[in-house]
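Participant: Sharing a structure here in structure tokens format.
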Amino acid sequence: MAFLIIIIVLIALAGLYLLAVKPRKEAKTSLEPLKTDYAHRGLWDDDIAENTMPAFMAADRAGDGIELDIQLSADGEIMVFHDDTLERLCGRPEKVSDLTASELSWVGITGSCDRIPTFRDVLTRVGKDTPLLIELKGYDISLCEKAAAMLDEYDGYFCIESFNPLLLNWFRKNRPRYVRGQLTTNLFRNNKKGNFFVNLIATPMLLNFLSRPDFIASDIEWQNSLPVRICTKLFHAPLFLWTIDTPEKYASARRTGQAVIFQHITPEPRSKGRK
């Protein structure tokens with residue numbers, strides 16, 4: 001009898017887990033133009049800095065989609081920048097959120113003449129037929145509100161993604177037509193300094209019931225994990241893979257994923273999904 005109870009409990013827990021992690025179950029036709037290659041933070045190198053207009057325009061000219069990161073300045077402007085602080089790229093200790101957009105516009109990126117762009121700059125200057133993969137950073141819900149206001153007026157291809165299911169939940173409730181993706185990796189390996197409880201619930205994507213993503217954006221080393229396989233194999237969510245930095249990884253990612261986020265390589269042109 002005890003054994004039977006254990007089996008029933010395990011089956012119930014498995015069912016609850018499947019309900020928690022399953023992606024949105026709707027037609028994915030709007031995803032088709034977004035299944036392409038994305039230049040990770042634009043096409044950048046030793047001469048062009050990541051997440052800058054020159055990097056984005058280079059990707060645009062090459063016919064690649066563009067992956068970029070957005071967060072808020074101190075005065076609520078959406079800036080395109082990956083890190084929380086300016087230390088790595090600009091040699092300054094401040095956080096992006098410590099400075100106004102005007103102040104950030106004067107911050108030089110070490111080793112280049114490039115500046116930190118605003119999200120508005122990118123939407124204005126990048127070609128409308130270039131797909132954008134927009135990563136939402138941080139925890140501030142007002143980022144969602146401000147980004148949505150701009151994207152409502154944008155007539156190009158785009159989708160959003162985040163590690164934070166609460167940000168995606170805002171779009172689920174307020175902009176359900178927007179394509180959204182859940183970023184995932186082994187946070188116990190890649191976010192060792194992070195909160196243990198957050199890592200515990202985020203790594204197996206237990207909060208997908210909040211985000212109900214249209215696609216899964218997985219670290220290529222994490223693509224065969226149980227939560228990713230459940231979402232992509234059982235529930236058939238499209239798989240976006242990052243960050244691909246060798247021709248060998250690119251070939252592998254093209255076989256298993258529907259979109260590839262790459263850097264420091266030149267993807268082979270394909271008849272579908274690239275200009």
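The values are calculated or read from the model by the stated rules, or taken from the named source; none is laboratory data. The model shown is predicted, which means the values in this text are computed figures rather than measured ones. Backbone-built Cβ (ideal geometry, glycine too); neighbour counts: all protein chains shown.
Participant: If I ask for residues that are outside any strand (DSSP E or B) and closer than 23 Å to ASP129 by Cβ, which ones from the stretch 221-252 would you list?
Facilitator: Looking only at the stretch 221-252, we keep the residues that are outside any strand (DSSP E or B), and these are 221-238, 245-252.
Result: PRO238, TYR250.
Participant: Restricting to the stretch 1-26, name every residue that is farther than 25 Å from ASP219 by Cα and assigned to a loop (DSSP other than H, G, I, E, B).
Facilitator: The answer is MET1, and nothing else.
Participant: State the number of residues belonging to the stretch 200-220 that are outside any helix (DSSP H, G or I) and of a type in the set (Val, Ile, Thr). Before the answer, list the steps.
Facilitator: The initial filter retains those residues of the stretch 200-220 that are outside any helix (DSSP H, G or I), namely 203-207, 212-219.
Filter once more, so that each one left must be of a type in the set (Val, Ile, Thr): 203, 216.
Residues flagged as outside any helix (DSSP H, G or I) and of a type in the set (Val, Ile, Thr) within the stretch 200-220 amount to 2.
Participant: Of the residues CYS231, CYS144, CYS159, only one is in contact with an Asp or Glu (Cβ under 8 Å, 6 or more places away or on another chain) and of a type in the set (A, V, I, L, M, F, W, C); which?
Facilitator: Numbers: CYS231 fails: in contact with an Asp or Glu (Cβ under 8 Å, 6 or more places away or on another chain); CYS144 fails: in contact with an Asp or Glu (Cβ under 8 Å, 6 or more places away or on another chain).
Only one candidate qualifies: CYS159.
Participant: If you go through the stretch 169-199, how many residues are part of a helix (DSSP H, G or I), over 24 Å from ASP129 (Cα atoms) and touching a residue at least 12 places away in the same chain (Cβ under 8 Å)? Give the derivation first.
Facilitator: Quick first cut of the stretch 169-199, residues part of a helix (DSSP H, G or I) only: 169-174, 187-190, 196-199.
Then keep just the ones that are over 24 Å from ASP129 (Cα atoms); that gives 169-170, 172-174, 187-190, 196-199.
Adding the requirement that they be touching a residue at least 12 places away in the same chain (Cβ under 8 Å) leaves 169-170, 172, 174, 187-188, 190, 199.
Counting residues in the stretch 169-199 that are part of a helix (DSSP H, G or I), over 24 Å from ASP129 (Cα atoms) and touching a residue at least 12 places away in the same chain (Cβ under 8 Å) gives 8.
Residues are listed down the side, and each one gets a yes or a no for (1) touching a helix residue (DSSP H, G or I) at 6+ places or on another chain (Cβ under 9 Å); (2) exposed (fewer than 15 other Cβ atoms within 10 Å of the Cβ):
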| position | (1), (2) |
| --- | --- |
| ILE160 | yes, no |
| GLN182 | yes, no |
| PHE188 | yes, yes |
| ALA202 | yes, no |
| TRP222 | yes, no |
| LEU226 | no, yes |
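Participant: Does THR203 fit the bill of being farther than 21 Å from GLU67 by Cα and modelled with pLDDT of 95 or more? If you could, list the steps in order and put the result at the bottom.
Facilitator: Working: farther than 21 Å from GLU67 by Cα: yes; modelled with pLDDT of 95 or more: yes.
In short, yes.
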